[in-house]
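Peer 1: Have a look at this one before I ask anything.
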Amino acid sequence: MDMEALMAQANELQNKVTAAQEKLASMHVKGIAGNGDVIIDMTGKYDLANITMRDEILTGGAAHVAKLFADAYRDAKAKADTLIDQVMGEATAGVPMP
């Protein structure tokens, strides 16, 4: 492969990755804990968009509330990781790597 073709291929890949990153910024996942007691809405770039919680969880004590928030965050992050893998995989599919 000549240098010009390699540079064109690299530019194409860069454009696809940039588009995928922009797409991820507008996509959302929800992390849920306690059967919906805490819901964390996160973008595909790990930005926190919203948190909702049921008032009833406050009676469970600080440790219980903290656990629910941590569980919801971990769920949202795992879903965002999966989404990122999918979107970036689609963006780079068919682009042969040297």
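Peer 1: Give me a comma-separated list of calculated 3J(HN,Hα) values for the range 4-18, in order, Karplus coefficients 6.51, -1.76, 1.60 applied at θ = phi - 60°, integers in Hz, x for any Gly or Pro.
Peer 2: In residue order, the calculated couplings are 5, 5, 5, 5, 5, 5, 5, 5, 4, 5, 4, 5, 5, 5, 4 Hz.
Peer 1: For the chain, what's the relative contact order in percent, using C-alpha pairs closer than 8 Å and at least 6 residues apart?
Peer 2: Relative contact order comes out at 31 percent.
Peer 1: Taking a quarter of the surface of the Cα convex hull of the range 14-98, what do you get in nm²?
Peer 2: 6.3
Peer 1: Using the crude model of +1 on Lys and Arg Cβ and -1 on Asp and Glu Cβ, and no other charge, please compute the dipole size for the chain relative to its Cα centre, in debye to 20.
Peer 2: The dipole of the chain has a size of about 260 debye.
Peer 1: With a 10 Å Cβ neighbour count serving as the proxy for reagent exposure, in which order, fewest first, do M88, M42 appear?
Peer 2: M88, M42
Peer 1: A further question follows. Dipole of the range 1-94 (Lys/Arg Cβ +1, Asp/Glu Cβ -1, origin at the Cα centre): which of G36, G89, M3 lies farthest to the positive side?
Peer 2: Going by the Cα projections, it comes out as G36.
Peer 1: In deg cm²/dmol, rounded to 500, what helix-only [θ] at 222 nm does the chain give when every DSSP H run of at least 4 residues adds -39500 (n - 2.57) and the total is split over its residues?
Peer 2: Roughly -20000 deg cm²/dmol at 222 nm, from the helical runs in the chain.
Peer 1: Relative to the longest principal Cα axis of the chain, at what angle does helix 62-92 sit, 0 to 90 degrees, rounded to 10?
Peer 2: Helix 62-92 sits roughly 20 degrees off the main axis of the chain.
Only the coordinates and a few stated rules stand behind these numbers; no lab work does. Bear in mind the structure is a predicted one, so any value in this text is a computation, not a measurement. Don't worry about glycine lacking a Cβ; one is built from the backbone with ideal geometry, like all the others, and counts go over all protein chains shown.
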